[in-house]
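Below is one structure, written out as structure tokens; comments come after it.
The values are calculated or read from the model by the stated rules, or taken from the named source; none is laboratory data. From a predicted model like this one, the values you see are computed outputs, not experimental measurements. Backbone-built Cβ (ideal geometry, glycine too); neighbour counts: all protein chains shown.
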Amino acid sequence: MVKSERGSSLIEAIVALALLGIIGVAFLGGLATSSKARAAADEHASARIIAESQMENLKKQTFAFSYDTLEIPADYPGYSAVMDIDSLRNGNIQKITITVRRANREIISLTSYKTNR
């Protein structure tokens with residue numbers, strides 16, 4: 001063994017562990033980011049399902065100046081929906097907006113129109 005090579009395996013092992021640590025931290029950071037993005041996408045999809053189902057239920061009802069309150073399905077705990085109705089053209093057209101919230105934060109707002117036929 002040559003004197004200049006003495007201790008080089010220790011340095012190589014330390015460098016290898018440092019590189020492995022850096023790669024591991026980057027990988028775990030990517031996993032955390034993708035997990036947050038997936039959770040946000042799931043939340044948005046659930047809110048969209050709630051808003052669309054509530055809008056369809058509202059459109060099935062006869063034309064009126066007030067409608068039944070919105071009921072969130074039990075499959076979606078923590079979500080709430082608020083309905084806002086604006087009358088247009090002498091009350092013959094209604095602009096209906098349904099806003100879905102979770103934890104006091106607006107997730108989605110869906111707007112549609114209903115006419116008195």
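Summary of values
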item: Leading residue by the ranking (farthest from the chain's Cα centre (by Cα)) among those in the stretch 83-117 that are of a type in the set (Val, Ile, Thr) and over 18 Å from Gln61 (Cβ atoms); result: Thr99
item: Selected residue (criterion: farthest from Ile96 (Cα to Cα)) from residues of the stretch 63-85 that are small (Gly, Ala, Ser) and free of Cβ contacts under 8 Å to residues at least 24 places away in the same chain; result: Ala74
item: Count of the stretch 89-98 residues which are polar (S, T, N, Q) and in contact with a helix residue (DSSP H, G or I) (Cβ under 8 Å, 6 or more places away or on another chain); result: 0
item: Strands (runs of 3 or more DSSP E) wholly inside the stretch 35-116 containing at least 1 residues that are aromatic (Phe, Trp, Tyr); result: 79-88, 105-115
item: Qualifying position, being surrounded by 10 or more Cβ atoms within 10 Å (Cβ to Cβ), over 32 Å from the mean Cα position of the chain (by Cα), of a type in the set (Asp, Glu) and on the phi < 0 side of the Ramachandran plot, among Glu52, Glu43, Glu56, Glu12; result: Glu12
item: Residue satisfying all of: in the stretch 73-98; among the hydrophobic types (A, V, I, L, M, F, W, C) and either in contact with a Gly (Cβ under 6 Å, 6 or more places away or on another chain) or surrounded by 16 or more Cβ atoms within 10 Å (Cβ to Cβ) (or both); modelled with the highest pLDDT among these; result: Ile98
item: Top-ranked residue in the stretch 15-62 [being in contact (Cβ under 8 Å) with a residue 12 or more places away in the chain and small (Gly, Ala, Ser); ranked as nearest to Thr111 (Cα to Cα)]; result: Ala51
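Conditions tested, residue by residue: (1) more than 25 Å from Asp42 (Cα to Cα); (2) of a type in the set (Gly, Ala, Ser); (3) touching a helix residue (DSSP H, G or I) at 6+ places or on another chain (Cβ under 8 Å).
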| site | (1), (2), (3) |
| --- | --- |
| Thr62 | yes, no, no |
| Leu70 | no, no, yes |
| Pro77 | no, no, no |
| Ala103 | no, yes, no |
| Ser112 | no, yes, yes |
